[in-house]
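This is the structure, below, for whatever I ask next.
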Amino acid sequence: MHEHESFNPDLMCALGGIVGEDDVLMVEPMKLHTTFRIGGPADLLVRPHSPEELVRVLDTCTFADVPVTIVGNGSDLLVGDRGIRGVVVLLRDTMQAISVSGTRVTAEAGALLRDVALAAADAGLSGMEPLWGIPATVGGACFMNAGAYGGQTADVLESVEVYVPSKRGQRGSVCTLEADQLAFGYRKSRINSDGLVVLRATFALAPDSPDAIRFAMDDFQARREEKQPLEMPSAGSTFKRPEGYFAGKLIMDAGLRGASVGAAQVSQKHCGFVVNTGGATAADVCGLIEHIQTEVKCQFGVDLEPEVRRIGEF
């Protein structure tokens, strides 16, 4: 165990006063909060229930000079085996409010894209269909401009309310940014590069028949289930798509289908995914990623860049 100032009783008391004592967890295994089912303990894990509580948590940690890591659905993360120092703020379980007004859907950062898409479909609003199967929260989707099947978050996002961190000992600020201010690119955004924290987001959608929307959603889901190893823990696509290539095909052509290090394995179903066959460690995954990168570079001269984000101590 690491001694860390996040165990300061005054800080724990302050955080408990904001979110409730039941939502401040000590030495919480991060493998319980990532889709990879991998990761050592967080010193403290805190679950705020609203954007307002989240802002108070972030300000409190700033005053205490304790590092903060924001986690949504944990679907694009590889957490180190030694865990995460400081405070992990988990949004998925408690910040999920969604509202519909006209052709706009507003959702808190912890709401799952799936639930936002379902709410939009119920309201006869189209645009979220390609995104609905992505296992991400709204905050995570904005952070990395999540996308699938030719659609991306930037296509439907109108604006985000964000927390802007300040210097040590000062409160952060809250502001609303329009989508065109977020410098969206392939799996990146200003939210990521500037260290902003999404509080809630508003999507601008278009009216359509609920039946047509559901049909499109079912079609995307069927395609996903047919080709992706959804039945095994993973962090989604392991690598970004290299220009002019598909990562999965390069890995398959390199003869790496089913290759493994420890309990981490290149999926037999889709070579673009590294899966946890049971009890894999972060070290296993890192070792397999490096093996894949070396083989693909050696055989095809292509550099594969991981899409999975590594956080914590390895």
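The values are calculated or read from the model by the stated rules, or taken from the named source; none is laboratory data. Values in this document were obtained by computation on a predicted structure and should not be read as measured data. Note that we place each Cβ from the backbone using ideal geometry, even for glycine, and neighbour counts take in every protein chain shown. Only protein heavy atoms, including side chains, enter the accessible area calculation; ligands, DNA and RNA are left aside. Shrake-Rupley method; radii C 1.70, N 1.55, O 1.52, S 1.80 Å.
Amide H of Ile70: which non-local residues (sequence gap of 5 or more, or other chain) have their own amide H closer than 5 Å, using H built in the peptide plane?
Val89
State the extension gain, in nm to one decimal, for the chain segment bounded by Ser99 and Lys188, taking 0.36 nm per residue of separation less the distance between their alpha-carbons.
Result for the pair: 29.4 nm of gain on full extension.
Quick check: at a probe of 1.4 Å, how many percent of the accessible area of the chain sits on carbon and sulfur atoms?
49
Separate question: Kindly state, to the nearest 0.05, the FRET efficiency for Asp122 paired with Tyr149, given R0 = 25 Å and r defined as their beta-carbon distance.
E(calc), rounded to 0.05, equals 0.75.
So for region 205-303, Kirkwood radius off the Cα pairs, Stokes-Einstein at 4 °C and 1.567 mPa s: how many µm² s⁻¹?
The diffusion coefficient I find is 88 µm²/s.
Considering only DSSP states other than H, G, I, E and B, which GluC sites (Glu not before Pro) in region 205-241 qualify as loop sites with at most 12 other Cβ atoms within 10 Å?
Sparse-neighbourhood loop GluC sites (Glu not before Pro): Glu231.
Which helices count as membrane-span-like in the chain under these terms: full DSSP H, at least 20 Å along the axis by C-alpha, Kyte-Doolittle mean of 0.0 or more?
Flagged H segments are 282-300.
Quick one: if you stick a label point 7 Å off each Cα along the C-beta vector at Ala222 and Thr277, how many nm between them?
Taking the two extended label points, one gets 3.2 nm.
Can you pull out the trypsin sites (Lys or Arg not before Pro) in region 136-206 whose DSSP state is coil and whose Cβ has at most 11 other Cβ atoms within 10 Å?
Sites meeting the loop and neighbour criteria: Lys167, Arg168.
In addition: Given H placed 1.01 Å from N in the peptide plane, which residues other than close sequence neighbours of Val174 have an amide H under 5 Å from its amide H?
Under 5 Å from the amide H of Val174: Val164.
From the P(r) of the chain, could you give the percentage of C-alpha pairs in the tail past 32 Å?
When all Cα pairs of the chain are counted, 30 percent exceed 32 Å.
For Lys249, give me every one of the lysines with a C-alpha distance below 16 angstrom, ignoring sequence neighbours fewer than eight places off in its own chain.
Lys227, Lys240, Lys269, Lys297
Based on DSSP, what percent of beta bridges with both residues in the chain are antiparallel, to the nearest 5?
That works out to approximately 80 percent antiparallel.
When only DSSP loop residues count, what GluC sites (Glu not before Pro) in region 1-101 have their Cβ near at most 16 other Cβ atoms within 10 Å?
Glu3
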